[in-house]
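Working notes, beginning with the structure itself.
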Amino acid sequence: MTHFTLHMYEIKVRIMYLLFSGLCTFCILCNSQNQLVYIVGKPFLEHQQTFIFLELTEAFYTFLRLSSVLTLFLLFPALVYHIWSFFIPSWYQVERKRMTRHCFAFFCLLVVEVLLIYSVIVPEIFNFFIGFEMAAGTGQCLSVEFSARIESYVLLLLRSFVFLILFFQIPFLTVFLYSRKIFHVSSLYSSRKSLALFSLLLSALIVPPDVLTQFFLAFLFFFFFEFLIFLGIFLDESERSSLGHSRDCC
């Protein structure tokens, strides 16, 4: 067998492992509906302990969608591991250590991000929206009460998780691009005016037409871009100092 045939056979075996693992995970999640409802609804239990569905098949398709998304999320570390195991024999020792550090840092940050989003950020988002609920008899002629619909709640939770996880990966991706010399801090520093305009446009697309809210969100975005510039300058200075120290030792 040639090397190409061996590599293709290895890829096929790894794909079969992933498919089998994904199928087993999906079946386990589909048979754990009570546990899924508790885990998903835990950030919301202090406000609502009952979910409703308005169509006969709504709850079924909601649990199916939730099980599929959780299966992909739980299968992602296995996918990264198989990719790492496939490419690691062809790398030098220095490249192996560097990529292993990147993968370890990525998974550690991912776990911290998920715990932070699940225990702090998502409950605060729900508390903000629940604050618009109005009860009659407290100076209000009408009452506005909330009844949690399972499909809307799950969709909002999944969208919040996906958006926040992708947003929190930007610093890690920036550090990776800086370290691989794919992206340089000078290009980001020279386009600060464009970043400020992009922050204003992005805030105008996200929040309602409120000037103060838009400027506040634009300031947060611009501060985040400034943090990325500061991170790039810090990495450049640390690399220069390490190179100077190695030259002095030589």
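The values are calculated or read from the model by the stated rules, or taken from the named source; none is laboratory data. Small disclaimer: the values here were computed from a predicted structure and weren't measured. Cβ placement follows ideal geometry from the backbone for every residue including glycine, while neighbour counts extend to all protein chains displayed.
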### Task
Return yes when LEU75 is under 29 Å from LEU157 (Cβ atoms), touching a Gly at 6+ places or on another chain (Cβ under 9 Å) and modelled with pLDDT of 85 or more and no when it is not.
yes
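For the stretch 145-194, what are the residues that are among the charged types (D, E, K, R) and either modelled with pLDDT of 75 or more or within 15 Å of PHE106 (Cα to Cα) (or both)?
ARG149, GLU151, ARG159, ARG192, LYS193 - these are the residues of the stretch 145-194 that are among the charged types (D, E, K, R) and either modelled with pLDDT of 75 or more or within 15 Å of PHE106 (Cα to Cα) (or both).
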### Query
Within the stretch 83-98, how many residues are at pLDDT 80 or above and surrounded by 11 or more Cβ atoms within 10 Å (Cβ to Cβ)?
9
### Task
Check THR50 against each of (1) part of a helix (DSSP H, G or I); (2) out of contact with any Pro (no Cβ under 6 Å at 6 or more places or on another chain) and name the one condition it does not meet.
(1)
